[in-house]
Amino acid sequence: MSQLSQTAIKEFKADFAGSVILPEDPQYDEVRQIWNAMIDRRPSMITRCTSPADVVHSLNFVRQHNLPFSIRGGGHNIAGNAVCDDGVMIDLSLMKKVDIDQELHRGYVEPGCTLADFDTAAQAHGLATPLAVCRIKGRESQKQRPFVGFSAG
C-alpha cells in the first residue's frame, strides 16, 4: 500500500466514524490478531468499523484505490482469510449489537458478534441458544454444516 498517499488516508479518516489503525500505531499488533495465532499477516491499514456507513466507506476506499482487502468479523476465522498482507483489513469486530425478537424467537446480529455475544443476549430474554456442527454424509465426502437457532428455555 506504499502507493497510497498520506493525503488519501487523511481524507478517508475525515469521513470515517470508526478508528483507523496503521502499522506504526501501538495497538496495531493486538488489533490485527485473529483466533488462529498461526496466521501472522500484516495489513497496511485496519479500518475498525462501528456502523454500516463505515463499512460502505471502507469498501468504496479499497475500490477507489484498487487495494487488496480482507473482512474480519468476530475474529475466529481459522483459515486466516480475515487478515490480509499489504492491504486494508476491514474490521467489523466492534459491531456487536444483538436484537432479540421475543415474539418470533429470532435474533438479529451485527457482523462482529460472537456466539457468546448472541447467547448472552438470548439468555437475557430467557432463551437458549442450541448450536451444533453436524456432519452430513455426502456422496463424495463428509461436509460440516453449522446449525444455529434458539428456543424458549
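Observations, loosely collected:
- Scalar couplings 3J(HN,Hα) for the range 69-78, obtained by applying the Karplus form with A = 6.51, B = -1.76, C = 1.60 to θ = phi - 60°, are 8, 9, 10, 10, x, x, x, 9, 4, 5 Hz; x denotes Gly and Pro.
- Note, ³J(HN,Hα) from phi for the range 43-54, Karplus 6.51, -1.76, 1.60, rounded to Hz, x at Gly and Pro: x, 7, 8, 10, 9, 8, 6, 10, 7, x, 4, 5
- Cα-based radius of gyration for the range 70-120, normalised by 2.2 N^0.38 Å, reads 1.35.
- Surface accessible to a 1.4 Å probe, per residue, for the residues of the range 20-118, Å²: 55
- The range 1-46 and the range 50-85 have Cα centres separated by 10 Å.
- Taking every alpha-carbon pair within the range 1-122, the share separated by more than 17 Å comes to 57 percent.
- Remark on Phe69: its backbone amide H falls under 5 Å from those of Val88, a criterion applied only to residues 5 or more positions apart or on other chains, H modelled at 1.01 Å from N.
The values are calculated or read from the model by the stated rules, or taken from the named source; none is laboratory data. Please read all numbers here as calculations on a predicted model, not as lab measurements. All accessible areas refer to the heavy atoms of the entire protein, side chains included, with ligands and DNA or RNA removed. Shrake-Rupley method; radii C 1.70, N 1.55, O 1.52, S 1.80 Å.
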